[in-house]
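The values are calculated or read from the model by the stated rules, or taken from the named source; none is laboratory data. If you're wondering where the values come from, they're calculated on a predicted model, not measured in any experiment. Here the Cβ positions follow ideal geometry from the backbone for every residue, glycine too, while neighbour counts run over all protein chains shown. We work out accessible area using only protein heavy atoms, side chains counted, and drop any ligands, DNA or RNA first. Shrake-Rupley method; radii C 1.70, N 1.55, O 1.52, S 1.80 Å.
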Amino acid sequence: MPQPGFDVLVIGAGPAGSAAAITAARGGLRVALLDKAAFPREKLCGGGVTARAHAYARDVFGDLPEALFHVSRAVRFSSGGQTLGQLDPAPPIYMTMRLGFDAELRARAIAAGAVDLCGQRLVDCAPEAGRVTLAGGESLTAPLVIGADGVHSGVARALFGRAQDVASIGFALEAEVPGGPGPVTDLDLTALPWGYGWDFPKPQGRTLGIGGIAVQDKDLRPRFHDWLRARGVDPASVKIKGHHLPSGASRAVPGRGAVLLAGDAAGLVDPITGEGIAWAILSGRLAAEAAAEALRAGAPRSALARYQARMEPIRAELSRARFLAQVVYHPLLQPRLLRALAGSDHLQRRYLALLAGEMDYADLGLRRMAGVVWRVLRGHGARSP
Ligand SMILES: Cc1cc2nc3c(=O)[nH]c(=O)nc-3n(C[C@H](O)[C@H](O)[C@H](O)COP(=O)(O)OP(=O)(O)OC[C@H]3O[C@@H](n4cnc5c(N)ncnc54)[C@H](O)[C@@H]3O)c2cc1C
């Protein structure tokens, strides 16, 4: 079937792609939203929507149905089954299942006017021509393409030869445990070196997972089985799945030629917390705004520079996280940091404010971060409230 001419092709209808598509459509652009999956589709994810992500989602998509979320207001920090501290009430984390969450965002993008091309796989992308080729052999061309096709992005591969170096990015295993939501969000800070474990309460059960930086499936599986057993879950009774996270792998130039990359395709996952939904939504929106501005100026090829400038605060924030990850997960420093965390309600609240997206790394300040580490190393702990 012949397709109408498009101003922008958005590849991938996860949070990044749907945010790009709805922003472009509302900005008056003719936009196609393409995904290899028909929706609703599963996406392996803890589904922890932070206050930051929730606010970005509301800004871009409008108020979302409350039924999509279980709002967690109690958090336990633990280490190998021992409680380090518990905050109740804690800043809210909106726990969701990506099956319903992503379907809702995509539906809103289509309702805003994006043309629905879901159920079609991209197999190639010519960045200079702004052309994508689909599995059926059909090609689509537009002045601009937004690649939001996830961590193993085919668009990024076409641009840079590979999407990510899978040996150096994050990896996580997860299992859904049906039943009622657990009473608290549990963060096991020593579930594995250079990572952590999570037990997230959900509307219809719990999501349990462990993940970290530069680990692989084969290293993690036996550890995850033991971790599940320690929580009373028989690993044989649940379906265990693994997926990469492009943590700390953000690209200095998020695209090439007529192509802008957003979300996981651009490497926008926090290496400490694993948060990616907020950055996916924000980068998708910024990519579409840059595209609209460039097209209005009659200079589509200026979109990448405009997008890169808008992305600078995100890039800087994730660089700070990358620096801090080397400190908080360092095997020599972590035991002392955990002792300090266990003894300080103030530190627990600061840490949770970061995790829950109520505070940025920029708010900590590099000098202040160095001060906390220095005090901890000298055994003075952290300031109490
Ligand atoms: C185990 C795990 C737990 C996580 N937990 C959290 C969490 O609790 N909170 C949080 O904020 N983040 C979490 N993340 C990160 C978060 O899942 C991602 O950062 C987020 O999904 C990125 O959104 P996206 O739109 O960029 O990509 P995705 O959500 O991956 O969407 C990409 C889309 O592109 C489509 N696609 C891929 N290839 C093609 C192709 N060739 N052609 C067409 N379409 C294609 C896919 O079908 C998919 O729909 C977690 C990640 C993992 C792996």
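The table that follows gives values for the structure above.
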quantity	calculated
Volume per residue that the Cα convex hull of the stretch 170-245 spans, once the total is divided by residue count, Å³	83
Solvent accessible area, Å² - Phe39, 1.4 Å probe, full protein context	40
Two-decimal Rg to Rh for the chain - Kirkwood Rh, Cα set	0.98
The stretch 232-357, accessible area per residue, ligands and nucleic acids excluded (1.4 Å, Å²)	37
Accessible surface, the stretch 1-107, averaged per residue in Å² (probe 1.4 Å)	39
Solvent-accessible area of Arg108 with every protein chain in place, 1.4 Å probe, in Å² to the nearest 10	60
Approximate spin-label separation Lys43-Gln204, in nm, with each point projected 7 Å along Cα-to-Cβ	2.0
Accessible area of Ile213 in the full protein assembly, 1.4 Å probe (Å², nearest 10)	30
In nm, spacing of pseudo-spin labels at Asp360 and Val238 (7 Å Cα→C-beta vector)	3.5
Scattering profile of the stretch 22-61 at q = 0.20, 0.22, 0.26, 0.27 Å⁻¹ [log10 I(q)/I(0), Debye over alpha-carbon scatterers]	-0.92, -0.99, -0.99, -0.98
Computed lengthening from Arg131 to Val71, 0.36 nm per intervening residue step minus Cα-Cα distance	17.4 nm
Within-15-Å neighbourhood charge of Asp217 [Cβ basis; K, R +1; D, E -1]	+3
Label point distance in nm, Gln86-His152, each placed 7 Å from Cα along Cα→Cβ	4.0
Between helix 277-296 and the chain: long-axis angle, C-alpha atoms, 0 to 90°, nearest 10	30
The chain: calculated mean residue ellipticity at 222 nm from DSSP helix runs of at least 4, using -39500 (n - 2.57)	-11500 deg cm²/dmol
Tensor-based shape of the stretch 212-278 (alpha-carbon gyration tensor, a/c under 1.5 rounded, otherwise prolate or oblate)	prolate
The stretch 124-182, Rg to Rh (Cα coordinates; Rh as Kirkwood inverse mean 1/r)	1.20
Relative contact order, percent, the chain [alpha-carbon distance under 8 Å, six or more residues apart]	20
Given Lys36/Lys202; Lys36/Lys239; Lys218/Lys241, the pairs whose alpha carbons are separated by over 20 Å	Lys36/Lys202; Lys36/Lys239
Charge dipole magnitude, Cβ of K and R +1, D and E -1 - the chain, Cα centre, debye nearest 20	800
